[in-house]
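Asker: First the structure, which I've put down as structure tokens, then a few questions once you've had a look.
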Amino acid sequence: MRLVIGGGYACVHSNYLQMQILLDVFYTDKTGFTPIHISTSKYILFSGNSFGIRPGAPFLQHFRLTRQRLQETGLMSFWTNDVIDTRKSQERLEQRSKEHPDYFISIIPDGEQVVLGLHHLLGAFLFLAVGSVLACLTLIAEIFTSSN
């Protein structure tokens, strides 16, 4: 990549996703500038994502139509971009935590359980309190309207 940035060279890579993550994490500055251009042709190669369906299966046509609809509506691109964005965020967080280890002490590793505190459930308690107040006001309003 250093030769590509220096000029006069190009890089052809078979995995668009890996190249996008690499460029966004290591070669994009804080303003979002990337000194390298990526081709607009995306050839997504997922090894291991295949389906073995025997010819003449009764659901084969339905499967093909569903896959085509997902691709034409852009859901597959949306999901792929979501995976890329998630991976970039994780890579940047890991890189920043290595640069400033004291700042990222409170990061909880994946899979570790967290004891819930009041600050985790504050929204639920506020919603409960607002609902209770509205119920009491409704009850008072019904009492006054029924007595008249």
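Asker: Among the residues of the stretch 91-101, is there at least one that is at pLDDT below 75 and assigned to a loop (DSSP other than H, G, I, E, B)?
Answerer: yes
Asker: Within the stretch 109-139, restricting attention to residues that are surrounded by 10 or more Cβ atoms within 10 Å (Cβ to Cβ) and closer than 29 Å to residue 93 by Cα, which residue is modelled with the highest pLDDT?
Answerer: 122
The values are calculated or read from the model by the stated rules, or taken from the named source; none is laboratory data. Bear in mind that the values here come from a model prediction, so they are computed numbers and not experimental data. We place every Cβ from the backbone using ideal geometry, glycine too, and count neighbours over all the protein chains shown.
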